[in-house]
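Structure first, commentary second.
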Amino acid sequence: MKRRALIVTALAAPLTLALPAASADTPSWQHVPAPGQVRPQAGLNETVASGPRRAWAVGTDAVGRSAPGYPLVLRWDGTAWQRQSLPGIRWQGELLSVAAPAPTEVWAVGRDSAGATRLLRSNGTTWSESRAPSGFVLTKAVAGAGRTWLIGTRDQAPAMLRRDGRGWQELPAPPGSVYGMHVLADDDVWAAGASELGATASHWDGRAWQQTIVSGSPRAVVGSILAVSPTEVWAGGSGGFIGGPPGKPIPPLLARWDGQTWERVAVPTNFGGITSLTPGPSGELAWVAVARSLKWAPPGSNPPLVPGPDFLARNGQSFAEYDEPQVPGEGDSYSLQLAAVPGTSMVWAVGRAGGPDGTFAPRILRFG
């Protein structure tokens with residue numbers, strides 16, 4: 001098992017920078033227990049924070065071998081996570097995504113056991129069901145510049161909606177699939193996705209989308225994007241592969257836009273998928289989450305691959321490697337989604353981890 005922090009060079013440059021190893025006092029990721037009200041077989045899909053005392057996480061619990069489970073919402077009050085009640089919501093299914101344009105306005109997108117889209121809204125304290133826009137299959141909610149955007153499809157084509165006043169306005173969507181967005185302003189939005197040409201990133205200027213190819217490798221895709229400035233945008237996902245046996249590991253993909261072109265950035269892991277990017281207090285790229293991270297073992301080793309880092313913390317030109325903490329009775333996480341706490345260096349990560357006999361459990365981690 002991999003359980004130590006290590007400093008390594010991150011950017012694809014010929015110069016290798018040697019940095020001292022982490023000391024015993026180096027901060028680390030800490031496991032935060034899920035509240036006791038959460039039933040067995042639960043998992044979390046996404047989290048968002050509007051401050052040190054306000055964060056939400058969504059997912060599902062009470063999932064059985066043939067039971068779809070029930071929508072799950074947790075809220076952080078600055079001391080502990082608590083399960084929030086969902087009065088009047090009786091359907092089975094899960095919540096996929098959550099966004100908070102304001103501390104008193106939170107949206108969650110889900111789907112019920114029949115596959116229908118569900119949309120929930122909270123005033124920061126209580127939740128109620130909102131009418132989902134007709135004809136749309138929604139998969140993700142994103143907040144930025146005080147507004148909420150919804151990502152999904154309509155008639156199997158990409159679709160986007162933006163909250164305007166009391167209603168939803170449909171806006172054009174870039175070609176291909178869209179999996180993630182970063183909203184800086186109504187006329188400054190970045191979308192991450194994929195098309196038949198490879199992994200894509202698209203920029204909305206308020207009138208039209210301009211799409212660029214992050215990587216043209218077959219099956220390459222980016223699902224998380226972070227815009228720092230017009231000349232610094234980061235996109236993360238998986239690099240795809242050509243041929244090979246089923247189950248062949250896929251390399252991670254991290255790329256940086258300099259205002260003109262995308263340049264691939266080396267990361268200290270050979271295989272896995274980048275699932276989430278999150279900023280630091282100044283908006284710069286601070287953390288990268290990597291799912292199923294693997295590295296090549298030293299030559300002649302058996303097995304030839306060893307576990308890689310679960311998190312990468314960026315500082316200037318380098319990355320620090322971090323592993324998620326071991327949790328008694330549970331395995332590693334399948335995938336983790338990050339959320340920065342505004343105005344602080346604290347970061348949340350949520351997902352689901354393996355349990356005994358093929359079960360799974362919610363995973364909540366905190367750094368800072």
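So here's what we get for this one:
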quantity	calculated
For residue 149, net neighbour charge (Lys/Arg +1, Asp/Glu -1) across residues whose Cβ lies under 9 Å away	+4
C-alpha center-to-center spacing [segment 321-352, segment 50-100] in angstrom	17 Å
Cβ-placed point charges (K, R +1; D, E -1), dipole of the chain about Cα centre in debye, nearest 20	660 debye
Within-15-Å neighbourhood charge of residue 173 [Cβ basis; K, R +1; D, E -1]	+1
With every protein chain in place, the chain: carbon and sulfur % of accessible area (1.4 Å)	52 percent
For residue 341, net neighbour charge (Lys/Arg +1, Asp/Glu -1) across residues whose Cβ lies under 10 Å away	+3
Charge dipole of the chain about the Cα centre (unit charges at C-beta), most positive-ward option of 281, 114, 346	114
Segment 42-152: projected area of the alpha-carbon convex hull, averaged over directions, in nm²	6.7 nm²
Segment 165-271: trypsin sites (Lys or Arg not before Pro) in DSSP coil with no more than 10 other Cβ atoms inside 10 Å	166, 207
Using distinct alpha-carbon pairs, which all enter the 1/r mean, Kirkwood radius of the chain in Å	21.1 Å
Shape parameters for segment 265-355, alpha-carbon atoms, Rg then Dmax in Å	14.2, 47
Global size of segment 127-269 as Cα Rg and Dmax, reported in angstrom	15.9, 51
Amide proton proximity set for residue 293, modelled H, under 5 Å, gap of 5+	308
Solvent-accessible heavy-atom area per residue, rounded to whole Å², over the chain at 1.4 Å	46 Å²
Sequence of 148, 104 from largest to smallest accessible area, 1.4 Å probe	104, 148
Dipole-positive endmost among 236, 318, 203 within the chain (Cβ charges, Cα centre)	236
Ranked by how many other beta carbons lie within 10 Å on average, peptides 345-355, 179-189 from highest	345-355, 179-189
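The values are calculated or read from the model by the stated rules, or taken from the named source; none is laboratory data. This is a predicted model, so every value here is computed, not measured. Ideal geometry is used to build each Cβ from the backbone, glycine not excepted, and the neighbour counts take in all protein chains shown. Areas reflect the complete protein model, heavy atoms only, side chains present, ligands, DNA and RNA absent. Shrake-Rupley method; radii C 1.70, N 1.55, O 1.52, S 1.80 Å.
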